[in-house]
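The values are calculated or read from the model by the stated rules, or taken from the named source; none is laboratory data. Because the structure is predicted, anything quoted here is derived from the model rather than measured. Note that we place each Cβ from the backbone using ideal geometry, even for glycine, and neighbour counts take in every protein chain shown.
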Ligand SMILES: Cc1ncc(COP(=O)(O)O)c(C=O)c1O
């Protein structure tokens, strides 16, 4: 059967089984713009959003009492599993002893030391979101290089950072569809090249006006697009030669291991940004500097003068609660042992999906980076973000998400991504394999 025939059946089932969510969605239309507290929450596949009641480990329950295995995990912010015990304990202990003071705590030193050990960059600062960490890293790169532009790869995502909502249209830089209220034309701030295209990278850096390249070490926000052999070497060599700083955003690619892709594959970024799961879902982010960049920054930036209006930092950034949560999460939740288990589960998930695709002869494929697995509805592995984007099929995406949701599985709303947490079990993975195979059988019947 085709998707067009199957989708109405799934939409119907969703509506029938979620009367309380529907009731709340109708009430939310009153006080909340577009009926949701944050615009992305409209992106779920049913006729209205599912309202959550409670979550623990790799599972959550909705307000209608249905239980789900959560492979979305807050699009990585809850990669630790929901409410991990060590993080909750640290939060409870710290919350009673102060939440935010604008004074440093000892935890900030411990976390800086631990991030240095994991990622290899010696000096750190903290923010509340990965978006902010990226914004601050870009500002510092501009300040250091005195260059106006940044370079990103086509179909990247780095949070709500103005400069990054650029894409290529017939080879020219343009604003990405849906970009809300861009402050200036994107070609004034940004150069864009395709991922894995070292030649285009060289050409664009040669303009001499690029302060930094901001990139994930593998694209993860348009499906997973891995670097080809040699691409990272070419990127590092070209950025060094053109005196452009390299910022590696590990916010999603922390899925590759305890020190992210950077540690797993020996990258040498000038700056590194990370947010989302480092504090178990409590808002916290960090950005780190190589010794050379740190020394240049300390020379360039006054330690005290006008530090509060420099465009970097924030009243509640590096608050003691976030840092207590970060310390507990790094020390006791996102450990080396946890990653070994999570990655093995990722392999199991990948094998299950690959097997179902093959058995049902579907023109799809599955990719994995550590404990993150993604399926794309096209036969070939994408080489660039554009390849991956052209493989998107909105209707099929919606069907698969809804089909899974109706059978107790949550995937990320944006693409077909599944993430393993320390609390995920083999049985959780096998449930997905079974449901995915069932969907594949219905589609190929
Ligand atoms: C690679 C990457 N960087 C940064 C961000 C921004 O994270 P946040 O929305 O928590 O600021 C995201 C969010 O999806 C991301 O995928």
Given the conditions (1) surrounded by 22 or more Cβ atoms within 10 Å (Cβ to Cβ); (2) more than 14 Å from the chain's Cα centre (by Cα); (3) touching a residue at least 60 places away in the same chain (Cβ under 8 Å), and given that residue 235 satisfies all but one, which numbered condition is not satisfied?
(3)
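Run down 93, 113 and say which single residue is away from the ligand (no atom under 16 Å from the Cβ), part of a helix (DSSP H, G or I), touching a residue at least 40 places away in the same chain (Cβ under 8 Å) and surrounded by fewer than 21 Cβ atoms within 10 Å (Cβ to Cβ). Don't jump to the end; show me each part of the working.
Values: 113 fails: touching a residue at least 40 places away in the same chain (Cβ under 8 Å).
Unique residue meeting the criteria: 93.
Results for (1) buried (at least 20 other Cβ atoms within 10 Å of the Cβ); (2) in a helix (DSSP H, G or I); (3) over 28 Å from the mean Cα position of the chain (by Cα); (4) free of Cβ contacts under 8 Å to residues at least 40 places away in the same chain, shown as yes or no for each residue.
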| position | (1), (2), (3), (4) |
| --- | --- |
| 5 | no, yes, yes, yes |
| 45 | yes, no, no, no |
| 48 | yes, no, no, yes |
| 53 | no, no, no, yes |
| 69 | yes, no, no, no |
| 78 | yes, no, no, no |
| 86 | no, yes, no, no |
| 107 | yes, yes, no, no |
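Just the residues that are in a helix (DSSP H, G or I) and touching a helix residue (DSSP H, G or I) at 6+ places or on another chain (Cβ under 9 Å), please, taken from the range 303-328.
Once the filter is applied, which keeps residues that are in a helix (DSSP H, G or I) and touching a helix residue (DSSP H, G or I) at 6+ places or on another chain (Cβ under 9 Å), the range 303-328 yields 320, 321, 322, 323, 324, 325, 326, 327, 328.
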What tally of residues in the range 258-278 results from selecting those that are closer than 20 Å to residue 75 by Cα and surrounded by fewer than 22 Cβ atoms within 10 Å (Cβ to Cβ)?
2
Tally time: how many residues in the range 240-258 are within 16 Å of the ligand (Cβ to nearest atom) and not in a loop (DSSP other than H, G, I, E, B)?
8
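Could you please give the count of residues in the range 329-371 that are outside any loop (DSSP other than H, G, I, E, B) and farther than 19 Å from residue 381 by Cβ?
From the range 329-371, those outside any loop (DSSP other than H, G, I, E, B) are 329-332, 336-359, 365-369; that's our starting set.
Now drop any that are not farther than 19 Å from residue 381 by Cβ, which leaves 329-332, 336-345, 348, 359.
Number of matching residues: 16.
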Being within 16 Å of the ligand (Cβ to nearest atom) and either closer than 19 Å to residue 383 by Cβ or within 14 Å of the chain's Cα centre (by Cα) (or both) is the filter here; which residues of the range 259-268 pass it?
260, 261
What helices (runs of 4 or more DSSP H) completely inside the range 129-217 contain at least 2 residues that are within 12 Å of the ligand (Cβ to nearest atom)?
130-145
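Rundown of residues vs (1) surrounded by fewer than 18 Cβ atoms within 10 Å (Cβ to Cβ); (2) touching a helix residue (DSSP H, G or I) at 6+ places or on another chain (Cβ under 9 Å); (3) at positive phi, yes/no style:
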| residue | (1), (2), (3) |
| --- | --- |
| 342 | no, yes, no |
| 353 | no, yes, no |
| 357 | no, yes, no |
| 363 | yes, yes, no |
| 371 | no, yes, no |
| 385 | no, no, no |
| 389 | yes, no, no |
| 404 | no, yes, no |
| 413 | no, yes, no |
Give all pairs with beta carbons closer than 7 Å in which a residue from the range 264-275 that is within 21 Å of residue 135 (Cα to Cα) meets a residue that is away from the ligand (no atom under 16 Å from the Cβ) and in a loop (DSSP other than H, G, I, E, B); count only pairs at least 6 apart in sequence or on separate chains.
270/290; 272/121
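So that you can scan it fast, the table gives a plain yes or no per residue for (1) in contact (Cβ under 8 Å) with a residue 60 or more places away in the chain; (2) farther than 26 Å from residue 57 by Cα:
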site	(1), (2)
351	no, no
389	yes, yes
433	yes, no
437	yes, no
So residue 26 ticks every box in (1) modelled with pLDDT under 95; (2) assigned to a helix (DSSP H, G or I) but one. Which box is left unticked?
(1)
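Condition test on residue 288, is it farther than 21 Å from residue 417 by Cα, within 16 Å of the ligand (Cβ to nearest atom), modelled with pLDDT of 95 or more and surrounded by 24 or more Cβ atoms within 10 Å (Cβ to Cβ)?
Details: farther than 21 Å from residue 417 by Cα: yes; within 16 Å of the ligand (Cβ to nearest atom): yes; modelled with pLDDT of 95 or more: yes; surrounded by 24 or more Cβ atoms within 10 Å (Cβ to Cβ): yes.
When the stated conditions are applied, residue 288 passes them.
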